[in-house]
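First up is the structure itself, then whatever we jot down about it.
The values are calculated or read from the model by the stated rules, or taken from the named source; none is laboratory data. Since the structure is predicted, the reported quantities are computational estimates derived from the model, not experimental observations. So basically every Cβ, Gly included, is an ideal-geometry build from the backbone, and we count neighbours across all protein chains shown.
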């Protein structure tokens, strides 16, 4: 049996109402999007200062370093410090052992002691001889003076006829003999003095020769104990016990941590923009250290120029010497630029726009826009500060 269903008037009216509502909604949505698409937006011209940054890399280096080298030959017996340790002047760094060197020094010390004793003994003997000869010469001179006085008296008596000429001749002869003895003794004494000085000079030279050798050998032995020659931080030390060290071998590098400086490499084609006292930001860990350019190298190496930057005395704890760092150099003068807000709505290059100036006047202009950065478009020409541009919102950016 077939059933036939016929819609009633009530159902028909409901369907018509629903259809009307849907049509109204569609029309409203279309009108909304049409209005939105044609709605005028405003973009404002703003001012922004920018810096011509020069980004470079470099290395933190101590301004004062000392390369500690071996002054004696030996084998490493003790190592007192490690890399990173703080040391003061005179602190022991390492000790070398050299038994042969110490034995040679002991032998020279004995020889030097013997020569010193011989020198002193020789000096005493010659001084005694000197005193004896001086005494003998003095006695002869005294006797000669007495004999001279006697001769003068005898001569006076002979003139008066009191004594004979024979007696006077005997006194005269004796005085001549004494005069001869005095002259001979004086010559012998002067010869002795010259000989004494020569002997002492030879003995002294021999003693000083051994003493000089002993001093040099003692210095070599003392240099077996290697000490810090400046206060600072041990930058590097690479020694093992028993290692043989030759004269001049590098033992350690000690550096003063303050002041430090940074060596920065700047490309040759932009080095002309760098100048002394130019501000520099040095990035150390999460810290930014403010510094200034100190000097610029006149030479070029691998297409780059070395720039020296002196760092402040107070630095972050993370500061490490010889570590690679980032540096940003800034010119002292800032560059003023105009930027257009909502820059993603405008293409780069020339375009026609409606501009509202500061008086509210609307003018059609040809403007030129440049690079896009941080949501803004650079104004190259055609706009001034606080100008506003009318534009239609785009659904997608640049």
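Conditions (1) in the same structural domain as residue 233 (by TED's automatic domain parsing); (2) modelled with pLDDT under 85; (3) outside any strand (DSSP E or B); (4) surrounded by 12 or more Cβ atoms within 10 Å (Cβ to Cβ), marked per residue:
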| residue | (1), (2), (3), (4) |
| --- | --- |
| 306 | no, no, no, yes |
| 309 | no, no, no, yes |
| 315 | no, yes, yes, yes |
| 336 | no, yes, no, no |
| 350 | no, no, no, yes |
| 353 | no, no, no, yes |
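Taking region 355-375 as the range and being at pLDDT 85 or above and either in the same structural domain as residue 278 (by TED's automatic domain parsing) or under 30 Å from residue 279 (Cβ atoms) (or both) as the test, only 370 passes. Of the listed requirements (1) out of contact with any helix residue (DSSP H, G or I) (no Cβ under 7 Å at 6 or more places or on another chain); (2) farther than 30 Å from residue 282 by Cβ; (3) at pLDDT 85 or above, residue 72 misses just one: (1). With respect to the stated conditions, residue 190 is at pLDDT 90 or above, farther than 30 Å from residue 259 by Cβ and exposed (fewer than 14 other Cβ atoms within 10 Å of the Cβ).
Residues of region 202-225 include at least one that is surrounded by 12 or more Cβ atoms within 10 Å (Cβ to Cβ), modelled with pLDDT of 90 or more and in a strand (DSSP E or B). In region 300-326, the residues that are at negative phi reach residues that are in a loop (DSSP other than H, G, I, E, B) and at pLDDT below 85 with C-beta atoms within less than 7 angstrom, at least six apart or across chains, in these pairs: 310/259; 311/259; 313/258; 313/259; 316/285; 318/285. Scanning region 237-270 for residues that are assigned to a loop (DSSP other than H, G, I, E, B) and under 16 Å from the mean Cα position of the chain (by Cα) returns 256, 257, 258, 259. When each of 296, 270 is tested for being in contact with a helix residue (DSSP H, G or I) (Cβ under 8 Å, 6 or more places away or on another chain), in contact (Cβ under 8 Å) with a residue 24 or more places away in the chain and within 20 Å of residue 325 (Cα to Cα), the lone residue that passes is 296. Just one of the listed residues (283, 322) is under 12 Å from residue 260 (Cα atoms) and out of contact with any helix residue (DSSP H, G or I) (no Cβ under 9 Å at 6 or more places or on another chain), and it is 322. When the test is whether a residue is touching a strand residue (DSSP E or B) at 6+ places or on another chain (Cβ under 9 Å) and modelled with pLDDT under 95, residue 97 does not pass it.
Of note, residue 160 does not satisfy the criterion of being surrounded by 12 or more Cβ atoms within 10 Å (Cβ to Cβ) and more than 30 Å from residue 252 (Cβ to Cβ).
Do we find a residue being outside any strand (DSSP E or B) and either assigned by TED's automatic domain parsing to the domain that holds residue 105 or on the phi > 0 side of the Ramachandran plot (or both) anywhere in region 228-236? The answer is no, given that none of the residues of region 228-236 is outside any strand (DSSP E or B) and either assigned by TED's automatic domain parsing to the domain that holds residue 105 or on the phi > 0 side of the Ramachandran plot (or both).
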